[in-house]
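*Asks:* Next up is a structure, given as structure tokens.
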Amino acid sequence: MSLINSKRFLQRLEKINNLKISSKNIGVNRIALSKEDKNARDIIISWMKSLKLEIKIDNIGNIFGLYNCHNKTSPLLLGSHIDSVKNGGKYDGVLGVVGALEVIQTLIEKNKIKESIGLAVFTNEEGVRFAPDMMGSWSFTKKENIKKIHKIKDIENITIKEALKKINYLGKEKQLFFKPKSFLELHIEQGPILYNNKKDIGIVKGVQAITWLKISLFGESNHAGTTPLKNRQDPMLVFGKINNYINTLSTKKNNQLITIGSMNVQPNQINVIANKIEFTIDMRNPKDDKLDNVEKKIKRTIKKLCSESNIKFKIKKLVKFTSVKFDHKLNSIIKYHSEKLQYSNMNLFSGAGHDAQMLAKICPTSMIFVPSTNGISHDKREHTKYKNLIKGINLLYSVAKNLLNN
Ligand code: GLV
Ligand code: MN
Ligand code: MN
């Protein structure tokens, strides 16, 4: 049984993604502030308008659709993001937006809204074009001066501000122009825990800490066939050693994960020694002090290995987000309604970063997860069973209805 209009949800989901739900292995490419992102934003705003939500856009392009929100009221806020990684999945982020829209529409239709409620679509959650990730929610919660954020550039030297203007989403609302009463985000788990444990619902206890670094190693280009080893300044050799060292730090015992996910080699030719290598390090740990320790070790080792090989280096910190705990009271309400709906559930910690971790700093916040088949995400093979998507939205509906009437 569905509490919401699952057919309407499905139609909207397919429209936003321009993909049938049955399509397999076709990636979503809705990179933040691209024309695909703009199209999806425009569609969501048209749906919000049809529900007579009041549309507000802030100075980082976050979109808010507010209902019953008069001066100084604090709405229950639902939402997530619609940007994707390259060749990403069909539900990462967009489930929490289109699902929340369905919840709000059902509440309006059933006359269940006495208080104020809102839908948030946060800008650039993924951070693949502009770092940091969770940029829109981070900016909304006033963690950084907006003028500084507007100057952040992508690899083509386009600033956030220029990109926002180009797609016509540089709004006029200021950071934290309203304070939500609570925030709830529905999301796919993006990992294997619910799938392996055969559970319908994850009640999220919190999000682990994240640090992103960008490392540049500088050497000297020369001929690959003639330059003797002793005359080389080859950053690739040092990169290999750094990579090996980093792999020794990723351990199950410490819950430490480290990923080198992107790399740029110059001049990138088969018979030329590289003169510059840039790569990123994504490191995560549920414990802040452990992550800080690992970061220090990596920096020390890069310094040592570079000086041994006469390689100059630069380390830039792109992201540092501490771990976050979600609201116990909200989680007990989610648990209560999950049991009532007879959905199997478990508590878990999120491995992925989410907008909710930013909102948790300003209001009671939590998340509802649904299982990712085989634990795959950030890839076109990402999948969640349709019935699980609907269970997640039903639960969000039940919890929102409860919060509004109490
Ligand atoms: C966001 O998806 C992240 O965890 O990188
Ligand atoms: Mn996401
Ligand atoms: Mn993601």
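*Asks:* Can you go through I167, I160, I188 and tell me which one is hydrophobic (A, V, I, L, M, F, W, C), at pLDDT 95 or above, more than 22 Å from E54 (Cα to Cα) and touching a Lys or Arg at 6+ places or on another chain (Cβ under 8 Å)? Give the derivation first.
*Replies:* Numbers: I167 fails: more than 22 Å from E54 (Cα to Cα); I188 fails: touching a Lys or Arg at 6+ places or on another chain (Cβ under 8 Å).
It is I160.
*Asks:* In the set A352, A356, A274, which member is within 30 Å of N402 (Cα to Cα) and assigned to a loop (DSSP other than H, G, I, E, B)?
*Replies:* Details: A356 fails: assigned to a loop (DSSP other than H, G, I, E, B); A274 fails: within 30 Å of N402 (Cα to Cα).
One residue alone meets the criteria, A352.
*Asks:* For residues in the range 90-100 being more than 9 Å from ligand 2 (Cβ to nearest atom) and either without any contact (Cβ under 8 Å) to a residue 12 or more places away in the chain or small (G, A, S) (or both), which is surrounded by the fewest Cβ atoms within 10 Å (Cβ to Cβ)?
*Replies:* Checking each candidate, the answer is A100.
*Asks:* Any residue in the range 65-82 that is under 18 Å from the mean Cα position of the chain (by Cα) and either away from ligand 2 (no atom under 16 Å from the Cβ) or part of a loop (DSSP other than H, G, I, E, B) (or both)?
*Replies:* Taking the range 65-82 as the starting set, the residues that turn out to be under 18 Å from the mean Cα position of the chain (by Cα) are 77-82.
Now restrict to residues that are either away from ligand 2 (no atom under 16 Å from the Cβ) or part of a loop (DSSP other than H, G, I, E, B) (or both): 77, 82.
For the range 65-82, residues under 18 Å from the mean Cα position of the chain (by Cα) and either away from ligand 2 (no atom under 16 Å from the Cβ) or part of a loop (DSSP other than H, G, I, E, B) (or both): present.
*Asks:* Within the set of pairs 6 or more residues apart or between chains, which connect a residue that is under 15 Å from K329 (Cα atoms) inside the range 350-366 to a residue that is part of a helix (DSSP H, G or I) and more than 15 Å from ligand 2 (Cβ to nearest atom) with Cβ atoms less than 6 Å apart?
*Replies:* Sorted first by the residue in the range 350-366, then by its partner, the pairs are P364/L330; S366/L330; S366/N331.
*Asks:* Let me ask something additional. Any residue in the range 376-389 that's assigned to a loop (DSSP other than H, G, I, E, B): show its pairings with residues that are aromatic (F, W, Y) and within 13 Å of ligand 1 (Cβ to nearest atom) at Cβ separation under 9 Å, as long as the two are six or more apart or on different chains.
*Replies:* Every condition considered, the pairs that remain are S377/Y91; E382/Y91; H383/Y91; T384/Y91.
*Asks:* Could you run through the range 225-271 and say how many residues are away from ligand 1 (no atom under 16 Å from the Cβ), of a type in the set (A, V, I, L, M) and either closer than 22 Å to V128 by Cα or assigned to a helix (DSSP H, G or I) (or both)?
*Replies:* Residues in the range 225-271 being away from ligand 1 (no atom under 16 Å from the Cβ), of a type in the set (A, V, I, L, M) and either closer than 22 Å to V128 by Cα or assigned to a helix (DSSP H, G or I) (or both): 9 in total.
*Asks:* Scanning the range 61-89 for residues that are under 13 Å from P180 (Cβ atoms) and of a type in the set (A, V, I, L, M, F, W, C), which turns out surrounded by the most Cβ atoms within 10 Å (Cβ to Cβ)?
*Replies:* L78
*Asks:* Right, something else. Suppose we keep only residues that are under 25 Å from F326 (Cα atoms) and among the polar types (S, T, N, Q) within the range 374-392. Which one would you say is nearest to ligand 2 (Cβ to nearest atom)?
*Replies:* Keep residues of the range 374-392 that are under 25 Å from F326 (Cα atoms), which gives 375-378, 384, 388-392.
Of the ones still in play, those that are also among the polar types (S, T, N, Q) are 377, 384, 388.
Details: S377: 8, T384: 12, N388: 16 Å.
Only one residue tops the list, namely S377.
*Asks:* Going by the conditions given, is S80 within 16 Å of ligand 1 (Cβ to nearest atom), polar (S, T, N, Q), touching a residue at least 40 places away in the same chain (Cβ under 8 Å) and farther than 11 Å from R30 by Cβ?
*Replies:* Numbers: within 16 Å of ligand 1 (Cβ to nearest atom): yes; polar (S, T, N, Q): yes; touching a residue at least 40 places away in the same chain (Cβ under 8 Å): yes; farther than 11 Å from R30 by Cβ: yes.
Yes, satisfied.
*Asks:* Here is a further query. Yes or no: the range 345-357 includes at least one residue that is away from ligand 2 (no atom under 16 Å from the Cβ), more than 19 Å from S372 (Cβ to Cβ) and out of contact with any His (no Cβ under 8 Å at 6 or more places or on another chain).
*Replies:* Initially, the range 345-357 is screened for residues away from ligand 2 (no atom under 16 Å from the Cβ), giving 345-347.
Then drop every residue that is not more than 19 Å from S372 (Cβ to Cβ), which leaves none.
There is no residue in the range 345-357 that is away from ligand 2 (no atom under 16 Å from the Cβ), more than 19 Å from S372 (Cβ to Cβ) and out of contact with any His (no Cβ under 8 Å at 6 or more places or on another chain).
This table checks each residue for (1) touching a helix residue (DSSP H, G or I) at 6+ places or on another chain (Cβ under 9 Å); (2) assigned to a helix (DSSP H, G or I).
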| position | (1), (2) |
| --- | --- |
| K296 | no, yes |
| R300 | no, yes |
| K303 | no, yes |
| F313 | yes, no |
| K316 | no, no |
| K320 | yes, no |
| N331 | no, yes |
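So that you can scan it fast, the table gives a plain yes or no per residue for (1) closer than 21 Å to H378 by Cα; (2) modelled with pLDDT of 95 or more; (3) out of contact with any Asp or Glu (no Cβ under 7 Å at 6 or more places or on another chain):
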{"position": "R30", "(1), (2), (3)": "yes, yes, no"}
{"position": "K38", "(1), (2), (3)": "yes, yes, yes"}
{"position": "K49", "(1), (2), (3)": "no, yes, yes"}
{"position": "D58", "(1), (2), (3)": "no, yes, no"}
{"position": "H81", "(1), (2), (3)": "yes, yes, no"}
{"position": "D92", "(1), (2), (3)": "yes, yes, no"}
{"position": "G99", "(1), (2), (3)": "yes, yes, yes"}
{"position": "E102", "(1), (2), (3)": "no, yes, yes"}
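*Asks:* Next question. Collect the residues in the range 88-125 that are on the phi < 0 side of the Ramachandran plot, within 16 Å of ligand 1 (Cβ to nearest atom) and either aliphatic (A, V, I, L, M) or touching a Leu at 6+ places or on another chain (Cβ under 8 Å) (or both), keeping them in residue-number order. It would help to see each step written out before you state the result.
*Replies:* The first filter runs over the range 88-125 and keeps only residues on the phi < 0 side of the Ramachandran plot, leaving 88-92, 94-110, 112-123, 125.
Keeping just the survivors that are within 16 Å of ligand 1 (Cβ to nearest atom) gives 88-92, 94-97, 121-123, 125.
K90, Y91, V94, L95, G96, V97, V121, T123, listed by residue number.
*Asks:* Checking V128 against (1) away from ligand 1 (no atom under 16 Å from the Cβ); (2) surrounded by fewer than 24 Cβ atoms within 10 Å (Cβ to Cβ); (3) under 18 Å from the mean Cα position of the chain (by Cα), which test does it fail?
*Replies:* (1)
*Asks:* For the range 133-160, which positions are of a type outside the set (A, V, I, L, M), surrounded by fewer than 23 Cβ atoms within 10 Å (Cβ to Cβ) and not in a helix (DSSP H, G or I)? Full working, then the answer.
*Replies:* First pass over the range 133-160, keeping only residues of a type outside the set (A, V, I, L, M): 133, 136-145, 147-148, 150-151, 153-154, 156-157, 159.
Among the residues that remain, those that are also surrounded by fewer than 23 Cβ atoms within 10 Å (Cβ to Cβ) are: 141-145, 147-148, 150-151, 153-154, 156-157, 159.
Once the filter is applied, which keeps residues that are of a type outside the set (A, V, I, L, M), surrounded by fewer than 23 Cβ atoms within 10 Å (Cβ to Cβ) and not in a helix (DSSP H, G or I), the range 133-160 yields T141, K142, K143, E144, N145, K151, K153, D154, E156, N157, T159.
The values are calculated or read from the model by the stated rules, or taken from the named source; none is laboratory data. A quick note: this is a predicted structure, and the numbers were derived from the prediction, not measured. With ideal geometry, Cβ positions are generated from the backbone for all residues, glycine too; neighbour counts draw on all protein chains shown.
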